[in-house]
Amino acid sequence: MKWEGRRESDNVEDRRGMGGRRIAAGGGAGILVVIVLALLFGVDPQQILDQVGDQQSGQISSDQPYQETPEEAQRAKFARVVLADTEDTWSSIFRQSGKQYEAPILVLYSGSVDSACGFAQSAMGPFYCPSDRKVYLDLSFFDDMDGKLQAGGDFARAYVIAHEVGHHIQTLLGTTQAVAAQRGAGDGEGAGGLSVRTELQADCYAGVWAKNTETQKQILEDGDIDEALNAAAAVGDDRLQQRSRGYVVPESFTHGTSAQRSRWFRRGFDSGDANQCDTFSAGSL
C-alpha cells in the first residue's frame, strides 16, 4: 500500500500509556462487557477476567509520558493516514448522496481503555463504540495479525481500520440503531443473525472504501487486495472458534465465516457501491 508522505488525520486521540479503569471483583456490568467483547473476538473470557482480577480497583496513572518505539511511531502514522483516507473517501460518497460525513475519532491505547461502551482489554481486538462514535485500536494488535492470525501486510491492517470505520458508517446511516431495536424485539442471533449481518456489512463497506480510495489516489500495490481478503478470512468465526476451541458452533457466530467475510469485502471492492452492501436483505450471506 502506498501510504507514506500523504495526509494524516487530526481526528486521533492518543491514550497510550494512560490505561483504563480497573474492574474490581464483582464489577457487575463492567465484567459483563468484558465477557461479551471477549466472545465477539474469539478470546477465552476467563483469560481476560484473570488479567483483570490481578489488578486493583482504581485508575491507572503514570507520571511519565508514553515512550513509543520507532516501530510504534510508524504504525501510529500509518493509522492516521488510513483514517485520513477514510475521511476523504466517505466524505465524497456522502456528498454524492447529498449528505455530510461526520468523521469518527480514532483512539490509540495500550493495554486497556475506557470507552462509552465500557472497559476493554487489548486482547479483545479493535472495536467501534457507537455511543461515543470512536474507533479504539491498540497497535499491538498488528503483532497478533502477523503472528497468531497469519494475516500480515499493511493493507491487511488498513482493512481492519476500514472495517471499524464501516461500523461508524452504520451509525451515521441509522443501521446501528435499527439493529439495536430489532435485538430488543427478540430477533435471533447465530449464523444468519443480526450480529453476523452487521459485521459482514462493515466488511463490505471496507471494500467500498478500498475501491473508491484506489480510484481517487491509486494507493494499491500488487498483493494488497489478497492481504485484505486473507485478513477477512483470518477473523472468520469458524476459523477463530476452531483455533481457540477446537470445534465450530454456528449458533454462536457473531461475525460470519471466513468465506462470508472475504466474499462481502470483495463485493464492496468490486462494486465500489455502498448500496450493494445490504446484508440485511440478502437471502444468502
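Quick check, is residue 44 at pLDDT below 95 and among the acidic types (Asp, Glu)? Spell out how you get there, then give the answer.
Details: at pLDDT below 95: yes; among the acidic types (Asp, Glu): yes.
Answer is yes for this residue.
Every residue, every condition in (1) assigned to a helix (DSSP H, G or I); (2) out of contact with any His (no Cβ under 7 Å at 6 or more places or on another chain); (3) buried (at least 17 other Cβ atoms within 10 Å of the Cβ); (4) at pLDDT 95 or above, yes or no:
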{"position": "61", "(1), (2), (3), (4)": "no, yes, no, no"}
{"position": "64", "(1), (2), (3), (4)": "no, yes, no, no"}
{"position": "83", "(1), (2), (3), (4)": "yes, yes, yes, yes"}
{"position": "98", "(1), (2), (3), (4)": "no, yes, no, yes"}
{"position": "102", "(1), (2), (3), (4)": "no, yes, no, yes"}
{"position": "131", "(1), (2), (3), (4)": "no, yes, no, yes"}
{"position": "137", "(1), (2), (3), (4)": "no, yes, yes, yes"}
{"position": "148", "(1), (2), (3), (4)": "no, yes, no, no"}
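Each row is one residue, and each column tells you yes or no for (1) modelled with pLDDT under 95; (2) surrounded by fewer than 24 Cβ atoms within 10 Å (Cβ to Cβ).
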| position | (1), (2) |
| --- | --- |
| 168 | no, no |
| 174 | no, yes |
| 183 | yes, yes |
| 186 | yes, yes |
| 190 | yes, yes |
| 196 | no, yes |
| 206 | no, no |
| 211 | no, yes |
| 215 | no, yes |
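Out of region 104-120, which residues are assigned to a strand (DSSP E or B) and either closer than 30 Å to residue 212 by Cβ or not charged (D, E, K, R) (or both)? Walk me through how you get there before you give the answer.
First, pick out the residues of region 104-120 that are assigned to a strand (DSSP E or B): 105-109, 112-115, 118-120.
Once the filter is applied, which keeps residues that are assigned to a strand (DSSP E or B) and either closer than 30 Å to residue 212 by Cβ or not charged (D, E, K, R) (or both), region 104-120 yields 105, 106, 107, 108, 109, 112, 113, 115, 118, 119, 120.
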With the checklist (1) in a helix (DSSP H, G or I); (2) modelled with pLDDT of 95 or more in hand, flag the one item residue 123 doesn't pass. (2)
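Among the residues of region 235-261, count how many are at positive phi and either surrounded by fewer than 20 Cβ atoms within 10 Å (Cβ to Cβ) or outside any loop (DSSP other than H, G, I, E, B) (or both).
In the first step, residues of region 235-261 are kept if they are at positive phi; the result is 246, 256.
Among the residues that remain, those that are also either surrounded by fewer than 20 Cβ atoms within 10 Å (Cβ to Cβ) or outside any loop (DSSP other than H, G, I, E, B) (or both) are: 246.
Qualifying residue count for the region: 1.
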Matching residues in region 217-234 - criterion: being hydrophobic (A, V, I, L, M, F, W, C), surrounded by fewer than 22 Cβ atoms within 10 Å (Cβ to Cβ) and under 21 Å from residue 87 (Cβ atoms): 219, 220
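Mind checking whether some residue in region 187-195 is among the aliphatic types (A, V, I, L, M), under 18 Å from the mean Cα position of the chain (by Cα), over 22 Å from residue 153 (Cα atoms) and part of a helix (DSSP H, G or I)? Outline the logic, then answer.
Quick first cut of region 187-195, residues among the aliphatic types (A, V, I, L, M) only: 191, 194.
Now restrict to residues that are under 18 Å from the mean Cα position of the chain (by Cα): 194.
Restricting the remaining residues to those that are over 22 Å from residue 153 (Cα atoms) gives 194.
Keeping just the survivors that are part of a helix (DSSP H, G or I) gives 194.
Among the residues of region 187-195, at least one is among the aliphatic types (A, V, I, L, M), under 18 Å from the mean Cα position of the chain (by Cα), over 22 Å from residue 153 (Cα atoms) and part of a helix (DSSP H, G or I), which makes the answer yes.
Identify, from the list 262, 281, the residue that is free of Cβ contacts under 8 Å to residues at least 60 places away in the same chain and closer than 20 Å to residue 173 by Cβ. Steps first, please.
Details: 262 fails: closer than 20 Å to residue 173 by Cβ.
Only one candidate qualifies: 281.
Does region 214-222 include one or more residues that are over 15 Å from the mean Cα position of the chain (by Cα) and among the aliphatic types (A, V, I, L, M)?
Of region 214-222, the ones over 15 Å from the mean Cα position of the chain (by Cα) are 214-222.
Next cut, among the aliphatic types (A, V, I, L, M) only: 219-220.
Scanning region 214-222, I find at least one residue that is over 15 Å from the mean Cα position of the chain (by Cα) and among the aliphatic types (A, V, I, L, M), so the answer is yes.
The values are calculated or read from the model by the stated rules, or taken from the named source; none is laboratory data. Because the structure is a prediction, the values reported are computed rather than measured. Positions of Cβ are generated from backbone atoms using ideal geometry, with glycine treated the same way; all protein chains shown enter the neighbour counts.
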